[in-house]
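**Q** Just dropping this structure here.
The values are calculated or read from the model by the stated rules, or taken from the named source; none is laboratory data. Every value quoted in this text rests on a predicted model; they were computed, and no experiment measured them. Using ideal geometry, Cβ is built from the backbone for each residue, glycine included, and neighbour counts are taken over all protein chains shown. Protein only, heavy atoms only, side chains kept; ligands, DNA and RNA dropped before computing areas. Shrake-Rupley method; radii C 1.70, N 1.55, O 1.52, S 1.80 Å.
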Amino acid sequence: MGRVGFGVAVGCAVVTCAIAAVLVGRRVQNRRKWRRAVEVLREFEEGCATSIGRLGQVVDAMAVEMHAGLASDGGSKLKMLLTFIDNLPDGNAKGTYYALDLGGTNFRVLRVRLGGKGSMIISHQVEYHPIPQELMSGTSEDLFDYIAMTLKQFVERADDGSEQKADEKKELGFTFSFPVRQMSVSSGILVKWTKGFSVEDAVGKDIAQCLEEAMTKAGLNMQVAALQVNDIVGTLALCHYYDKDTVAAVIIGTGTNACYVERTDAIIKCQGLLKNSGGTVVNMEWGNFWSSHLPRTSYDIALDDESPNSNDQGFEKMISGMYLGEITRRVLYRMAQESDIFGDGAYNLSIRFILRTPSMAAMHEDDSPDLREVRRILTETLQVPHVSLRARRLIVRVCDIVTRRAARLAAAGIVGILKKIGRDGSGVASGRAKGTPRRTVVAIEGALYVNYSMFREYLNEAVVEILGEEAAQNVVLRVSEDGSGIGAALLAAAHSSNR
Ligand code: BGC
């Protein structure tokens, strides 16, 4: 080999070594970045841990806060609102009842025919109507006149000749999803409007009375038998109608809440106000529950800080559909910042609430071997294409951690309620001797539980884990649907003066 040949060979060797060094260096760097992404996942997983011991603490905290909220207004972050509902519908109710569900820019009118024992709900009809924009900021008279007139036309259309006697007053359950100070089962004062309404002269008025006056003016022989201020009460009513062992209800959808039947003498803050001696439904507003035992991460803290209602609805922000996608997005964004597993174009991951919970659930439940659904959502929703399969697997892990924590905490909340009313099988709170188990039904409504099977499985599993196999045999979680509509008509039946 001549001198030139030798020089070329040496040159090639040097270039090859340099390329190899760059490649090795890049691989080391990639591995380091990958490890960083995995570390972010590990830290998050640790922060979200819900060991059985931790869940037990949440159960106890829930029961303690319930006591405190019943003792005095403001005694706990749990509001424990009185509903004055002391009579839940059962399958014996008979007749035709109506419901009006006003909670936003649309309202619903319903007619439910109950057949009494054995035949249950014979039929139900529903109509949706928009509220004209100008009525949302007009006078209360105009708003309620419009609603009463629409209701009257519905009643006339729906009448199929099976009606009760023409001169008999029709009974209405009224779901009114705005802040109301309830005065009795059929009356309540509007505290303020939300959701775009500003009918100022209605504030401070009894809204059931406003509606009744408008119905009389419209020539409609109907009265408000039950004012149902919260969807959760309808959930309980509907489930109780089918199953008399129902003692509590939980909604886990966009928002979350729970209510249950409490002994009147245990509601210390309302002594004297309640006339009946049995039980009354308490709307817990459990979305606002807080305890230092809740496993809270830096992502939850940042989400709360940046929310319009920071320091409020702490439990809701960890478990409800409004937030699970957003928590996931925050973790993924952190991974994108600390590693390059999503490439350079992960800008969309910085956009708040861009990842909605249904998309997150779809990624979580993607069982295709190459995680096709995850890739689709990354590409279409987050505009992050070309993410490797192992990075997609990491994303599924994040979804799993977020959902598992949410479901297990919700389960602890449910057992907390059961503990408070002595239905958790421990026999302590109720003073009942062990060994006399009663069947206990908890109604559950809401898309997260109903449509997201991994969430549902984690929740069901955790209830059994916390209660223990034996006690869990007496607890039934029963799916309920459309409490705020049908449930309201059933409450009208239970509180009807025609009974
Ligand atoms: C509200 C509750 C409601 C729940 C479910 C929560 O955000 O505070 O009043 O029952 O959502 O809709």
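**Q** Please give me the summed charge of the neighbours of GLY204: other residues whose Cβ is under 11 Å from its Cβ, Lys and Arg +1, Asp and Glu -1.
**A** Working: positive: ARG181, LYS192, LYS205; negative: GLU200, ASP201, ASP206.
Local charge sum for GLY204: 0.
**Q** To the nearest Å, what is the center-to-center distance of region 239-262 and region 64-82, using C-alpha atoms only?
**A** 18 Å
**Q** Still on this structure: Put a dot 7 Å past each Cα toward the Cβ at GLN383 and ILE351; how far apart are the dots in nm?
**A** Going by the 7 Å Cα→Cβ label model, 0.6 nm.
**Q** Turning to a different aspect of this structure: Can you give me the C-alpha center-to-center distance between region 338-352 and region 290-330, rounded to a whole angstrom?
**A** Cα centres, region 338-352 to region 290-330: 22 Å.
**Q** For the chain, give the percent of accessible area contributed by carbon and sulfur heavy atoms, probe 1.4 Å, rounded to a whole number. Intermediate results must be reported in sequence, preceding the final value.
**A** Working: 11460 of 22190 Å².
Of all accessible area on the chain, carbon and sulfur atoms account for 52 percent.
**Q** Against the longest alpha carbon principal axis of the chain, how many degrees, from 0 to 90 and to the nearest 10, is the axis of helix 389-420 turned?
**A** Approximately 30 degrees, to the nearest 10.
**Q** Calculate how steeply helix 453-467 sits against the longest principal axis of the alpha-carbon atoms of the chain, using the helix alpha-carbon long axis, and give the answer as 0 to 90 degrees to the nearest 10.
**A** That helix lies at roughly 70 degrees to the long axis.
**Q** What are the ³J(HN,Hα) couplings of region 341-352, residue after residue, when phi is run through the Karplus curve with 6.51, -1.76, 1.60 and θ = phi - 60°? Round to Hz, x for glycine and proline.
**A** Once rounded to whole Hz, the list reads 5, 9, x, 8, x, 8, 4, 4, 5, 8, 8, 5.
**Q** Kindly rank 405-416, 63-74 from highest to lowest mean number of other beta carbons found within 10 Å of each residue.
**A** On the way: 405-416: 27.1, 63-74: 17.5.
Most protected by this proxy first, the peptides run 405-416, 63-74.
**Q** With everything on Cα atoms, drop me the angle between helix 140-158 and the longest principal axis of the chain, reported from 0 to 90° to the nearest 10.
**A** 80 degrees
**Q** Is there a pair in LYS79/LYS317; LYS77/LYS195; LYS192/LYS217; LYS94/LYS420; LYS317/LYS420; LYS169/LYS269 whose C-alpha atoms are over 27 Å apart, and which pairs would that be? Intermediate values should be presented prior to the final figure.
**A** On the way: LYS79/LYS317 17 Å; LYS77/LYS195 23 Å; LYS192/LYS217 25 Å; LYS94/LYS420 34 Å; LYS317/LYS420 23 Å; LYS169/LYS269 35 Å.
Flagged as over cut-off: LYS94/LYS420; LYS169/LYS269.
**Q** For region 249-365, what is the relative contact order in percent, using Cα pairs closer than 8 Å and at least 6 residues apart in sequence?
**A** Working: 138 pairs, mean separation 26.6, N = 117.
Result for region 249-365 is 23 percent.
**Q** OK, next. In percent, how large is the relative contact order of the chain, given Cα pairs closer than 8 Å and 6 or more residues apart?
**A** Working: 938 pairs, mean separation 107.8, N = 499.
Worked out over the chain, it gives 22 percent.
**Q** Could you do me a favour and compute the accessible area per residue for the chain, 1.4 Å probe, result in Å²? Could the numbers behind the result be given before it?
**A** Numbers: 22190 Å² over 499 residues.
Each residue of the chain exposes 44 Å² on average to a 1.4 Å probe.
**Q** With only alpha-carbon atoms counted, please give the Rg and Dmax of the chain, in Å.
**A** 28.1, 119
**Q** Just how much of VAL261 is accessible, in Å², when a 1.4 Å probe is used and the result is rounded to the nearest 10?
**A** Its heavy atoms expose roughly 50 Å² to the probe.
**Q** Another question about this same structure. Please list the radius of gyration and Dmax for region 95-247, considering alpha-carbon atoms only, with Å as the unit.
**A** 15.5, 46
**Q** At most 12 other Cβ atoms within 10 Å and a DSSP loop assignment: could you name the trypsin sites (Lys or Arg not before Pro) in region 73-129 that fit?
**A** Details: sites: LYS77, LYS79, LYS94, ARG108, ARG111, ARG113, LYS117; in loops: LYS77, LYS79, LYS117.
Of the trypsin sites (Lys or Arg not before Pro), the ones in loops of region 73-129 whose Cβ has at most 12 other Cβ atoms within 10 Å are LYS117.
**Q** Between MET149 and GLU481, what's the calculated FRET efficiency when r is the beta-carbon distance and R0 is 30 Å? Round to 0.05. Working shown, then result.
**A** On the way: r = 29 Å, r/R0 = 0.98.
According to the calculation, E is roughly 0.55.
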